[in-house]
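Beneath this line is the structure, given in structure tokens, with notes to follow.
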Amino acid sequence: EFDNPQYPWSTTAKNSSKHFKEAWKHVYEIFEEQNADNVVWVWNPWRAKNMAAYYPGNDYVDWIGLTMLNYAALNQQNEYRGFEEMYEPFKKELHNFPNKPVMLAEFGSLNLGDRQQEWTLDAVNTISANHPEISAIVMFNSNKDKNIPKYGNYGEKYLDWTNKLINYIANSFDVKPVPKIIKNINSTHFRQ
């Protein structure tokens, strides 16, 4: 999430898209020089509007990673947003990145109130029916997230992303074994 203003390396820290692309290519070339062929390059924009400006090029990216986390009432708009509404701006930009598989690099819904299950079921059904470009999902399933947004009222120490539907999610897709190259990422599921 190179363009996420919460991070010191984002554009709010006076780093331009040009700097980001140069740094990405530099790191990529170091790996190439070392013959590190067991690396998957997942490029993960935070905002759809920044995708074109920050893309380092097809030769430097294996996957388009997207963050699809439903913060419920803790998001900036302070309102519930369904998966399709969250994903649509990114989907519109994906035509600029042909032949790159999409990974939901962070996927989940806060265990807040009573809408987590509704959001999750809607997301899984929507992905299955309408988005064949999504080829991998990494479930964010933690109850120790300290990155509490400044929006809304939340009095707990941690955000709770744990989801009782994790097995349902895995079983909802045509799951293939995780490729050897990333076998240590045990929460990643691939579909045909």
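The values are calculated or read from the model by the stated rules, or taken from the named source; none is laboratory data. Keep in mind it's a predicted model, so treat the numbers as computed, not measured. Every residue, glycine as well, gets a Cβ built from its backbone with ideal geometry; the counts of neighbours run over all protein chains shown. Accessible surface areas use protein heavy atoms only, side chains included; no ligands, DNA or RNA. Shrake-Rupley method; radii C 1.70, N 1.55, O 1.52, S 1.80 Å.
Taking the Cα centre of segment 1-68 as the origin, how large is its charge dipole in debye, to the nearest 20, when only Lys and Arg (+1) and Asp and Glu (-1) carry charge on their Cβ atoms?
Dipole of segment 1-68, to the nearest 20 debye: 500 debye.
Over 23 Å between Cα atoms: which of Lys21/Lys150; Lys25/Lys49; Lys49/Lys146 fall into that group?
Too far apart for the 23 Å limit: Lys21/Lys150; Lys49/Lys146.
Can you tell me the alpha carbon radius of gyration of segment 49-147 divided by the globular rule-of-thumb value 2.2 N^0.38 Å?
1.13
Compute, for the chain, the length of the dipole vector about the Cα centre, with Cβ point charges of +1 (Lys, Arg) and -1 (Asp, Glu) only. Units Debye, rounded to 20. Present the calculation step by step, with values, prior to reporting the outcome.
Values: 20 positive and 23 negative charges, 49 e Å.
That gives the chain a dipole magnitude of about 240 debye.
Only helical DSSP H runs with n ≥ 4 go in: add -39500 (n - 2.57) per run for the chain, normalise by residue count and round the 222 nm mean residue ellipticity to 500 deg cm²/dmol.
Working: 5 runs with 53 residues, N = 192.
Dividing the helical sum by the residues of the chain leaves -8500 deg cm²/dmol.
So for the chain: antiparallel DSSP bridges make up what percent, rounded to the nearest 5?
Taking every DSSP beta bridge within the chain, about 30 percent pair in antiparallel fashion.
Students often get this wrong, so check it: of Lys100/Lys144; Lys100/Lys164; Lys144/Lys164, which have C-alpha atoms separated by over 23 Å? Could you put the intermediate results ahead of the total?
Working: Lys100/Lys144 32 Å; Lys100/Lys164 31 Å; Lys144/Lys164 16 Å.
Distance filter (> 23 Å) returns Lys100/Lys144; Lys100/Lys164.
Given [x] 34; [y] 63; [z] 29, which label gives percent of Cα pairs over 28 Å apart as computed from the coordinates?
Checked against the structure: label [z].
Give the aspartates and glutamates whose C-alpha is closer than 16 Å to that of Lys92, dropping any in the same chain fewer than 8 places away, or say none.
Excluding near neighbours in sequence, the set is Glu84, Glu133.
Using a simple spin-label model with points 7 Å from Cα along the Cα→Cβ vector, what separation in nm is obtained for Lys157 and Gln6?
1.9
Keeping the other protein chains in place, figure out the carbon and sulfur percent of the accessible area of the chain, with a 1.4 Å probe.
On the way: 5320 of 11160 Å².
About 48 percent, which is the carbon plus sulfur part of the accessible surface.
Probe of 1.4 angstrom, ligands and nucleic acids ignored: what's the accessible area per residue over the chain, in square angstrom?
Spelled out: the 1.4 Å probe surface of the chain, per residue, equals 58 Å².
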